[in-house]
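Worksheet for the structure shown next.
The values are calculated or read from the model by the stated rules, or taken from the named source; none is laboratory data. What you are looking at is a predicted structure, and each value in this text was computed from that prediction instead of being measured. Here the Cβ positions follow ideal geometry from the backbone for every residue, glycine too, while neighbour counts run over all protein chains shown. Keep in mind that these areas ignore ligands, DNA and RNA; they rest on the heavy atoms of the full protein, side chains included. Shrake-Rupley method; radii C 1.70, N 1.55, O 1.52, S 1.80 Å.
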Amino acid sequence: MAFDSEESAESAGIFLVVLPGVYAPQHDTQLLLAALGREHIAAGADILDLGTGSGVLAVRAAQLGGRVTAVDIARCAVATTKLNALLHHQRIAVRRADLASALKVRTYDLILCNPPYVPAPHARVPTRGSARAWDAGFRRPGARARVPLGPVLLSRLRWLREQDLMKANDSYEELVVIRAECP
């Protein structure tokens with residue numbers, strides 16, 4: 001089933017359990033689901049879902065025929081992804097790991113990732129807690145798909161405007177999917 005940016009995981013029949021402390025899928029996840037739906041996933045293609053969070057991208061990639069490895073540094077995200085894989089009867093290798101560890105083990109045909117991208121009032125990236133799913137540090141470049149502001153950006157709207165990272169009348173955020181191919 002192909003996705004468009006207006007569809008959600010629920011509209012595709014992917015109902016999730018999201019444990020406390022795990023990033024709940026929002027517009028950015030829907031954008032990635034739409035991009036994944038446009039990919040031609042070969043049966044058994046090796047797919048890495050890096051920073052899997054709820055595991056929705058891993059579940060969808062497995063439904064499309066991929067052989068999926070899902071990794072996250074957060075224990076609660078690993079548990080959530082295992083639970084969602086089980087609920088959807090998908091075989092997904094779920095591991096607790098970081099970027100360097102995940103990529104050093106093997107190569108992949110496709111890497112899915114929704115990295116932290118929300119500007120934060122501090123340069124230090126959190127090492128604990130749910131904020132590490134979205135805090136990207138002080139500055140990140142903009143993106144291209146416009147969607148209504150989500151709850152995290154809304155909670156920081158005043159600070160973002162004070163830093164000239166958002167204009168007074170901005171009520172949308174821009175998202176991007178980066179697709180790269182190796183020769």
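Quick notes
A quick yes/no check of all residues on (1) hydrophobic (A, V, I, L, M, F, W, C); (2) farther than 30 Å from Arg146 by Cβ; (3) touching a Phe, Trp or Tyr at 6+ places or on another chain (Cβ under 8 Å); (4) at pLDDT 90 or above:
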residue: Pro25; (1), (2), (3), (4): no, no, no, yes
residue: Ile41; (1), (2), (3), (4): yes, no, no, yes
residue: Ile47; (1), (2), (3), (4): yes, no, yes, yes
residue: Ser54; (1), (2), (3), (4): no, no, yes, yes
residue: Ala74; (1), (2), (3), (4): yes, no, no, yes
residue: Lys82; (1), (2), (3), (4): no, yes, no, yes
residue: His88; (1), (2), (3), (4): no, yes, no, yes
residue: Ala93; (1), (2), (3), (4): yes, yes, no, yes
residue: Ala97; (1), (2), (3), (4): yes, yes, no, yes
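- Enumeration of residues in segment 17-38 that are over 14 Å from the mean Cα position of the chain (by Cα) and either under 18 Å from Leu86 (Cα atoms) or of a type in the set (D, E, K, R) (or both): Val17, Leu19, Arg38
- Residue-level check: of (1) surrounded by fewer than 15 Cβ atoms within 10 Å (Cβ to Cβ); (2) modelled with pLDDT of 80 or more; (3) within 21 Å of His27 (Cβ to Cβ), Arg140 misses just (2).
- Some residue of segment 41-58 being within 25 Å of Trp134 (Cα to Cα) and in contact with a His (Cβ under 8 Å, 6 or more places away or on another chain): no
- Residues in segment 39-66 that are surrounded by 24 or more Cβ atoms within 10 Å (Cβ to Cβ), free of Cβ contacts under 8 Å to residues at least 60 places away in the same chain, under 17 Å from the mean Cα position of the chain (by Cα) and on the phi < 0 side of the Ramachandran plot: Thr52, Ser54, Val56, Leu57, Ala58, Val59, Arg60, Ala61.
- Residue match in segment 100-109 (condition: under 30 Å from Met166 (Cβ atoms) and of a type in the set (A, V, I, L, M, F, W, C)): no
- Out of Ala131, Ala100, Ala120, one residue alone is under 28 Å from Ala45 (Cα atoms), open to solvent by less than 80 Å² (accessible area, probe 1.4 Å), among the aliphatic types (A, V, I, L, M) and free of Cβ contacts under 8 Å to residues at least 40 places away in the same chain. It is Ala100.
- Residue match in segment 4-20 (condition: part of a helix (DSSP H, G or I), at pLDDT below 95, under 18 Å from Val176 (Cα atoms) and open to solvent by 60 Å² or more (accessible area, probe 1.4 Å)): no
- Residues in segment 75-88 include at least one that is open to solvent by 70 Å² or more (accessible area, probe 1.4 Å) and in contact (Cβ under 8 Å) with a residue 60 or more places away in the chain.
- Tally, over segment 145-172, of residues that are in contact with a strand residue (DSSP E or B) (Cβ under 6 Å, 6 or more places away or on another chain) and without any contact (Cβ under 8 Å) to a residue 40 or more places away in the chain: 5
- In segment 103-114, residue surrounded by the most Cβ atoms within 10 Å (Cβ to Cβ) [restricted to those that are among the aliphatic types (A, V, I, L, M) and over 16 Å from the mean Cα position of the chain (by Cα)]: Leu103
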